[in-house]
Amino acid sequence: MKKQTILYLYLAFTMALSAACTAQAHTNGNTPQGSGGAPSLPQVEPKQATISTSEPAVAEVIPVTGHLMTPAETAPVPGKMIDDVESSGTGPEGRAPYGDSYKLNRFERPFLQDMTYVPDMDIHKFGVSEDQDWYYLSVQLVGNDPNHVLGIHYGAEIDLNADGFGDYVIWARPPYRDQWDTGNIQVLQDSNLDAGGLSAIQADAVFDGNGYDRLVFDGSAHENADPDLAWVRMTEDQGAMIQFAFKKSLTGPLFMMGVISDMGLKDVSKYDYADHFTEADAGSPVRSNKYFPLGSLYAVDNTCWEAYGMQTTGYEPKLCQPILQPTQIPSRDPLAESQDAVGQPVPACFPEPVGCLNGFDPTTCECNGAVE
């Protein structure tokens, strides 16, 4: 009887152990072979987190297209226009009447190297006007085709502190349209203060500076710090004219400015040109000058510099002085060219030549004849 009891207990323990193992197998999703029970549901393993080795995604920077501001369609009229010496009277004879002063970096050279006159690059007048956001520079030309086949660059030098050394140049190239455009205009800065050579009041040839060397705005590029900084167009208002508009933020309220037309070298890294070429090498457009005719420096016309928003003493380098155009029709007789000198510019040499026994020529700042 005792043995039977032990046997029953053994069988009960064995059956309980077998049932426990079967339940564990179902829990793991494995149905024992030959079992008639329903198969267990498959167990879904949790996804393991993966670590990406690629760079994090960065949002693409899309350059601003279009313009945020545009100049006025009808620009304010300048309060006054500054006269420049022009060569329409003597140009057909292949010479300038006067007004080309190499020592002062003043060029009246609207001529090709063979002395062919190009009225489309001959500056007649210029003036500045403004509205709330913009300054407007209007340049009147003798000719009527800024899009001359040989390509004329027009520009404006800006001096922020009246020292005669340009700080910025606004530089436009053809083709010019009759609507405001930025695609053909740049603004360059003189980053190392050598546009003007060693001295702003005289030629320093031969000087090895790099002039306007830092590009701060290029209207043809997709990215600019200010996409609306400078504009250009041509207009027939008040005669054939090139017109610039630039933001007041470029200059502030005080500056001096002069105008350029350039169909020759067209290289602002060599401004001032009078510092990079000797006068003998550059030649002269004035027939009475010993270096006549033009040599390596041709097809360039520039003006004096006018002050805006600032009081001047009259001694600022390159400052405009009143210009009196000739009061007589220029003679076509080369022997009578002295008649063209009627109404010479007011002397603008600074400092004035000393020791001249017979005075000096205000257009060249050279003594007339003997020197003490």
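The values are calculated or read from the model by the stated rules, or taken from the named source; none is laboratory data. Note that the coordinates shown come from a computational prediction; the quantities given were computed from them, not determined experimentally. In this analysis, Cβ positions are derived from the backbone assuming ideal geometry, glycine residues included, and neighbour counts consider all displayed protein chains.
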inquiry  = So I185 ticks every box in (1) farther than 19 Å from P76 by Cα; (2) over 17 Å from the mean Cα position of the chain (by Cα) but one. Which box is left unticked?
reply    = (2)
message = Tell me whether segment 104-114 contains one or more residues that are among the acidic types (D, E) and closer than 19 Å to I152 by Cβ.
response = yes
ask   = Residues T90, T31, T27: which one is over 27 Å from Y135 (Cβ atoms) and either modelled with pLDDT of 95 or more or within 26 Å of the chain's Cα centre (by Cα) (or both)?
value = T90
key: Number of the condition not met by A299 [criteria: (1) within 30 Å of A72 (Cβ to Cβ); (2) surrounded by fewer than 23 Cβ atoms within 10 Å (Cβ to Cβ); (3) touching a residue at least 40 places away in the same chain (Cβ under 8 Å); (4) not charged (D, E, K, R)]   = (1)
inquiry  = Return the residues of segment 252-284 that are assigned to a loop (DSSP other than H, G, I, E, B) and not aromatic (F, W, Y); say none if nothing qualifies.
reply    = G252, P253, L254, M263, G264, L265, K266, D267, D272, H276, T278, S284
request  = Any chance you could count how many residues in segment 187-211 are buried (at least 23 other Cβ atoms within 10 Å of the Cβ) and free of Cβ contacts under 8 Å to residues at least 60 places away in the same chain?
outcome  = 1
task = Among residues belonging to segment 256-280 that are within 17 Å of the chain's Cα centre (by Cα) and among the small types (G, A, S), point out the one that is modelled with the lowest pLDDT.
result = S269
task = Check E337, E352, E306 and return the single one that is modelled with pLDDT of 90 or more and among the acidic types (D, E).
result = E306
inquiry  = If I ask for residues that are more than 14 Å from Q140 (Cα to Cα), free of Cβ contacts under 8 Å to residues at least 40 places away in the same chain and buried (at least 19 other Cβ atoms within 10 Å of the Cβ), which ones from segment 92-123 would you list?
reply    = Y117
task = Would you mind stating whether G89 is out of contact with any Phe, Trp or Tyr (no Cβ under 6 Å at 6 or more places or on another chain) and surrounded by fewer than 22 Cβ atoms within 10 Å (Cβ to Cβ)?
result = yes
remark   = Looking across segment 120-146 at residues that are among the charged types (D, E, K, R) and over 26 Å from G252 (Cα atoms), the single one that is modelled with the lowest pLDDT is D145
query = Does at least one position in segment 241-251 carry a residue that is part of a loop (DSSP other than H, G, I, E, B) and over 13 Å from the mean Cα position of the chain (by Cα)?
reply = no
